[in-house]
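Every read-out reported here was derived from the displayed coordinates using simple, explicitly stated rules and does not represent laboratory data. Computed from a predicted structure; not experimentally measured. Glycine gets a Cβ as well: all are built from the backbone with ideal geometry, and neighbour counts include every protein chain shown.
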Amino acid sequence: MSKLTNFDPIQNYIYSKRNGGLRVSLGGLNPTGASCEITNELGNPKLMGKCHRQVWYSKKRVERTNVSDDMSYIRFGVGDAVEEELQKHWEKQGLLLAANLKVKAPIGTCSDGEQIDMSGEIDAILRMAEMDEAGRVIGIDTEQAIGIEVKSTRGYFSEKMLKGKGNKMYPIGYPKLEHLMQTGMYLHTRKVVEETYGVKIPYFVLIYEIVDSCSTNQFRIELSNDYDGEILVKTMDGRLILPQTDPMQQLESGGKMNQPIAGLTIENILERYVLSYEKLKADTPPERDFSLRFSDELFEEMKNQGELTKTKMAAFAKNDTAPVGDWQCSYCDWKDECYPFGVLTEGVESGEISQEDAMRELGF
Ligand code: SF4
């Protein structure tokens, strides 16, 4: 009988996934690192996407202080399996031109003249096909193709946001802006893919699989000016998806209507990429783009703008050391590196509070 009694195949899988199972980049900035200043549906200015300080930590290979737990690796594995399953079936029918296609393309120039590249990985390129009502392929267009980006997710908020369940603003759902920016960047740089495969790619399809309810939704993503311009979200039959206004909300806000998101353009995203690259040349991390806890002024401003939920407002009022701020910080892999004294870090940095007092206040 072997003495090796501690073999745990699942733990071994998690170990493998954590140490090298993730995808390797070709260098340069990444589509998932995109960010953009937009005006949202309520008419408020917002920074969306990746924090430049987070990009700095990542590219400078600063050790992560808040690493993903074991469960996250199982979640990543489910996401990979969803993609592979879809690719397998498209391949079987002769539709799959490329899977997990690595792309690298120039996206700008730094103030010192250095070229900035973006590198990413497109989930799939499919030949454009005609289908019958059951989904059977009855014709293939050899001159056109579509790009595919697959996201797997779960939970109530995914049903609400992505499928429109109980969503008065987008009753048929709307993609996450981070995913739109990523897909927008693939559309912007797709020329090299079109030339490689000898096809035109008029649009990408962003596919969501909500794995716990086994439901799906998909959106057609296009650029208003072919390779540039605004990122447009359409239904699969090509109708632009615009925000609706709930009559009750309209009444309460004195007749204010929700407006289409403005500023979500390739030009604005590229501008932020250049800024991010410039910041990477420094030896110290740039300013924070987001906050672990909103300042009192920002909290008031957001409250007046109608941007805070009742739960957030209550949590903020109840405890003045509660991290009630941007979700980007809550989920950041470098949260403890960026905020070593939690919500009191900025106070320590400005000399308002000593490190010792901050630690005491935090209960250490
Ligand atoms: S904790 Fe927040 S501000 Fe700091 S790097 Fe992460 S996202 Fe940016």
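Please go through the stretch 185-294 and write out the GluC sites (Glu not before Pro) that DSSP classes as loop and that have at most 16 other C-beta atoms within 10 Å.
Details: sites: GLU194, GLU195, GLU209, GLU222, GLU230, GLU252, GLU267, GLU271, GLU278, GLU287; in loops: GLU287.
Here the GluC sites (Glu not before Pro) that fit, given the DSSP loop and packing criteria, are GLU287.
For the chain, what is the calculated [θ] at 222 nm in deg cm²/dmol (nearest 500), taking -39500 (n - 2.57) for each run of four or more DSSP H residues and dividing by its residue count? Don't skip to the end; give the middle numbers.
Numbers: 14 runs with 125 residues, N = 364.
Helices in the chain give a 222 nm mean residue ellipticity of -9500 deg cm²/dmol.
For the stretch 24-157, what D do you get in µm² per second when you plug the Kirkwood radius from alpha-carbon pairs into Stokes-Einstein at 37 °C and 0.692 mPa s? Kindly include the intermediate steps, with their values, before the conclusion.
On the way: Rh = 18.4 Å.
Approximately 178 µm²/s, per Stokes-Einstein.
May I ask you to sort HIS89, HIS52, HIS179 by Cβ crowding, counting other Cβ atoms within 10 Å and putting the fewest first? Kindly include the intermediate steps, with their values, before the conclusion.
Working: HIS89 10, HIS52 25, HIS179 19.
The most exposed by this proxy come first: HIS89, HIS179, HIS52.
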When you count, for each residue, the other Cβ atoms within 10 Å and take the mean per peptide, how do 162-174, 131-143 rank with the highest first? 162-174, 131-143
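May I ask you to compute the full-extension gain from MET131 to ARG64, defined as 0.36 nm times their residue separation minus their alpha-carbon distance, rounded to one decimal in nm?
Values: separation 67, 0.36 × 67 = 24.12 nm, distance 4.69 nm.
Difference between extended and current length: 19.4 nm.
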Computed Rg/Rh of the stretch 132-233, alpha carbon atoms with Kirkwood Rh: 1.02
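In which sequence would LYS88, LYS50 go, from the one with the fewest C-beta neighbours within 10 Å to the one with the most?
On the way: LYS88 11, LYS50 24.
Starting with the residue having the fewest Cβ neighbours, the order is LYS88, LYS50.
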Tell me, MET128, MET118, MET257 in order of fewest to most beta-carbon neighbours within 10 Å? MET257, MET128, MET118
Expected-Rg normalisation [2.2 N^0.38 Å, Cα atoms] applied to the chain: 1.09
Show the residues, 5+ positions off or on another chain, whose built amide H is closer than 5 Å to the amide H of ILE116. ILE107, GLY108, THR109, CYS110
Could you tell me the distance between the Cα centroids of the stretch 179-243 and the stretch 29-100, to the nearest Å? 15
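Net charge near CYS329: determine it from the other residues with C-beta under 9 Å of the C-beta of CYS329, scoring Lys and Arg +1 and Asp and Glu -1. Mind showing how you got there, number by number?
On the way: positive: ARG288, ARG293, LYS335; negative: ASP326.
Combined, the nearby Lys, Arg, Asp and Glu give +2.
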